[in-house]
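Inspection log for the structure reproduced underneath, given as structure tokens.
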Amino acid sequence: MKVAMTKTPVREQDPRVRRRNFDEVSLGYSLQEAMQEANRCLQCKKPMCVTGCPVNVQIPRFIAALKEGEVEKALQIIRETNNLPAVCGRVCPQEEQCEKRCILARKGESVAIGRLERFAADYFMDAEASQENPAETNGKKVAVVGGGPAGLTAAADLAKLGYEVTVFEAFHELGGVLVYGIPEFRLPKALVKKEIEKLKALGVKFETDVIIGKTILIDELFENGYQAVFIGSGAGLPKFMGIPGENLNGVYSANEYLTRINLMKAYDFPHSHTPVKKGKRIAVVGGGNVAMDAARCALRLGADEVHIVYRRSEAEMPARREEVHHAREEGILFDILTNPVEIIGEDGWVKGLKCVRMELGEPDQSGRRRPVERKGSEFVMDMDIVIMALGTSPNPLIKSTTPGLETTGWGGIVVREETGETSKDGVYAGGDAVTGAATVILAMGAGKKAARAIHEKLSK
Ligand code: FAD
Ligand code: SF4
């Protein structure tokens, strides 16, 4: 059988339209398109794609079911190992994980595993919640700190094993970065809510607006009868450059900017309670997914010009290629090899961004070529908002209130890689709180690993 060497195309909103709305960019596959794409899978005897997935989704098995049009069976297979398939199908960097190892990728394009996963999850999105039932309880209580992908995955796996799990979340909503970071046009919030409803059906309890380390301490959780604690508190503390002008009005961290827009619905102000400044000329400093998301949100809020300002070249940008491509299609401007040195203000508000041009020198510790300033290349761009998207690190609150919990110099919780065990007995951790800002699926993989280790310890 001759196999097509390119993926079945997916329909997308027209860039000229979508640049001004928050509706989802990708429209996903129809059943017919999904079956056509599933037909490209070679059903390898030793499927390398599975080894590329941090939660080991049984990819050839679920695709074989899709090939026959058996969508429900496909979803059941995915759900054996992945509790958030609609999320992963949309935001996993598949090109670096499962799809990278697909044998078809050697000569053409891999099977569109992410799109197929999304299709199967969406197909039963409304029907499926009632199908999850709580397992019989074993009477043992486990606390989970943080309702992001790491915490939700650990909670679901433990609940399935019969543990009485309570998730404590600092915000009023669950989902972590899935609700406060990644924008609606990439990951609709109604869909994240529905995925979380399915976890509730497993019997997991949720307590929102509870800050562990402030409202309750980790040690107090043990005093209250919890026999193990999983920390999945993420990395929500933004970094700044330390350049003059960062305290001006109109300077945001991407974290604050995106939280205002996504979680607090600032785009709907005054119908919502939280405002955000809607500028006309906006600079976003950084080259990752967070920078692309902030820039594309700024455009959708009505900006005339949005610039990505990045000190290395495009090849070094950590953002997914697809996100860079979508941003460019929508009209985002890229100032690469450009580094800000000062934010210029007037009457306390941002007026411009002073930058220098860079060129690439020798590779640095990260293996990427180090950007070096070109002498005398200083210039100023008129801007009324500057958004810093330079990465984040873990909030120090839990570390400072939990005696015996070892962390690294930058604040990451130290764990044993195979189990997620921390230096404190009975306390496990995973996700961005351990690795620093990473990916949804790595956080989920860490949650799974820790759930297994907690079960092993508590069932002795
Ligand atoms: P989080 O998602 O950060 O969740 C941690 C949760 O813990 C939060 O809800 C927080 O409120 C809560 N919390 C923190 N401290 C406490 C406390 N003391 N008490 C109680 N609760 C607490 N990854 C991808 O794979 N693909 C993408 O396309 C992608 N895009 C991204 C875009 C943006 C804008 C951002 C910011 C990140 C993106 N990521 C992406 C990264 C990904 O979202 C994270 O790696 C992932 O969410 C980490 O999961 P987590 O559960 O460890 O932490
Ligand atoms: Fe690929 Fe992510 Fe699905 Fe795993 S969860 S198969 S990495 S899309």
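The values are calculated or read from the model by the stated rules, or taken from the named source; none is laboratory data. Only a predicted model underlies this, so the values are computations on that prediction, with no experimental measurement involved. All Cβ positions, even for glycine, are placed from backbone atoms using ideal geometry, and neighbour counts span all protein chains on display. For accessibility, only protein heavy atoms count, side chains too; no ligands or nucleic acids. Shrake-Rupley method; radii C 1.70, N 1.55, O 1.52, S 1.80 Å.
Answer yes or no as to whether ASP425 is open to solvent by 80 Å² or more (accessible area, probe 1.4 Å), among the acidic types (Asp, Glu) and under 20 Å from LEU217 (Cα atoms). Write out each step before concluding.
On the way: open to solvent by 80 Å² or more (accessible area, probe 1.4 Å): yes; among the acidic types (Asp, Glu): yes; under 20 Å from LEU217 (Cα atoms): yes.
Against the criterion (open to solvent by 80 Å² or more (accessible area, probe 1.4 Å), among the acidic types (Asp, Glu) and under 20 Å from LEU217 (Cα atoms)), ASP425 qualifies.
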Identify all residues within the stretch 83-128 that are in a helix (DSSP H, G or I), open to solvent by less than 20 Å² (accessible area, probe 1.4 Å) and hydrophobic (A, V, I, L, M, F, W, C); write none if there are none. ALA86, VAL87, CYS88, VAL91, CYS98, LEU104, ILE113, LEU116, PHE119, ALA120, ALA121
Boolean, GLU70 is without any contact (Cβ under 8 Å) to a residue 24 or more places away in the chain, open to solvent by 30 Å² or more (accessible area, probe 1.4 Å) and acidic (Asp, Glu): yes
Filter result for THR8 (among the polar types (S, T, N, Q), at pLDDT 95 or above and either open to solvent by 70 Å² or more (accessible area, probe 1.4 Å) or under 23 Å from LEU152 (Cβ atoms) (or both)): no
I'd like the full set of residues that are more than 17 Å from GLU246 (Cβ to Cβ) and part of a loop (DSSP other than H, G, I, E, B), limited to the stretch 348-365. ASP364, GLN365
State yes or no: is ARG20 at pLDDT below 95, under 30 Å from LEU333 (Cα atoms) and open to solvent by 40 Å² or more (accessible area, probe 1.4 Å)? yes
How many residues are of a type outside the set (Asp, Glu), more than 19 Å from ALA64 (Cα to Cα) and under 17 Å from the mean Cα position of the chain (by Cα) if we restrict to the stretch 95-115? 1
Output the residues belonging to the stretch 301-312 that are in contact with a helix residue (DSSP H, G or I) (Cβ under 7 Å, 6 or more places away or on another chain) and open to solvent by 10 Å² or more (accessible area, probe 1.4 Å). LEU301
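What are the residues in the stretch 6-60 that are of a type in the set (Val, Ile, Thr) and in contact with a strand residue (DSSP E or B) (Cβ under 8 Å, 6 or more places away or on another chain), if any?
VAL10, VAL25, listed by residue number.
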Only residues that are more than 23 Å from LYS2 (Cβ to Cβ) and open to solvent by 50 Å² or more (accessible area, probe 1.4 Å): list them for the stretch 32-50, please. none
For the stretch 222-255, give me each residue that is of a type in the set (Asp, Glu) and either more than 26 Å from LYS354 (Cβ to Cβ) or touching a Ser or Thr at 6+ places or on another chain (Cβ under 8 Å) (or both). GLU223
Here's a check for you: in the stretch 172-188, which residue that is within 19 Å of MET444 (Cβ to Cβ), open to solvent by 30 Å² or more (accessible area, probe 1.4 Å) and away from ligand 2 (no atom under 16 Å from the Cβ) is farthest from the chain's Cα centre (by Cα)? GLU173
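When only residues in the stretch 51-67 that are in a helix (DSSP H, G or I) and open to solvent by less than 20 Å² (accessible area, probe 1.4 Å) count, which is nearest to ligand 1 (Cβ to nearest atom)? Spell out how you get there, then give the answer.
Applying the first criterion (in a helix (DSSP H, G or I)) to the stretch 51-67 yields 51, 59-67.
Okay, now just the ones that are also open to solvent by less than 20 Å² (accessible area, probe 1.4 Å), so 59-60, 62-63, 65-66.
Numbers: ILE59: 17, PRO60: 23, PHE62: 20, ILE63: 21, ALA65: 25, LEU66: 23 Å.
Only one residue tops the list, namely ILE59.
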Members of the stretch 318-338 found to be acidic (Asp, Glu) and either without any contact (Cβ under 8 Å) to a residue 12 or more places away in the chain or open to solvent by 20 Å² or more (accessible area, probe 1.4 Å) (or both), listed by number: GLU322, GLU329, ASP335
Starting from the stretch 387-398, keep only residues that are over 16 Å from GLY411 (Cα atoms) and open to solvent by 10 Å² or more (accessible area, probe 1.4 Å), then list their pairs with residues that are assigned to a loop (DSSP other than H, G, I, E, B) and of a type in the set (Lys, Arg) whose Cβ atoms are within a distance under 9 Å, requiring at least 6 positions of separation or different chains. LEU390/LYS239
Criterion violated by SER253 - all others in (1) touching a Leu at 6+ places or on another chain (Cβ under 9 Å); (2) more than 24 Å from GLY147 (Cβ to Cβ) satisfied: (2)
So, LEU263, is that one touching an Asp or Glu at 6+ places or on another chain (Cβ under 7 Å) and modelled with pLDDT under 95 or not? yes
Among the residues of the stretch 276-295 satisfying the criterion of being more than 15 Å from ligand 1 (Cβ to nearest atom) and assigned to a strand (DSSP E or B), which is surrounded by the fewest Cβ atoms within 10 Å (Cβ to Cβ)? ARG281
With the requirement that a residue be hydrophobic (A, V, I, L, M, F, W, C), under 11 Å from GLY151 (Cβ atoms) and within 14 Å of ligand 2 (Cβ to nearest atom), what does the stretch 417-449 give you? ALA443, MET444, ALA446
Restricting the stretch 68-94 to residues that are among the polar types (S, T, N, Q) and within 16 Å of ligand 1 (Cβ to nearest atom), the residue that is modelled with the lowest pLDDT: ASN83
Does ALA298 satisfy the criteria of being touching a helix residue (DSSP H, G or I) at 6+ places or on another chain (Cβ under 6 Å), of a type outside the set (Lys, Arg) and open to solvent by less than 10 Å² (accessible area, probe 1.4 Å)? no
If you check ALA315 against the conditions, is it open to solvent by 50 Å² or more (accessible area, probe 1.4 Å) and within 22 Å of the chain's Cα centre (by Cα)? yes
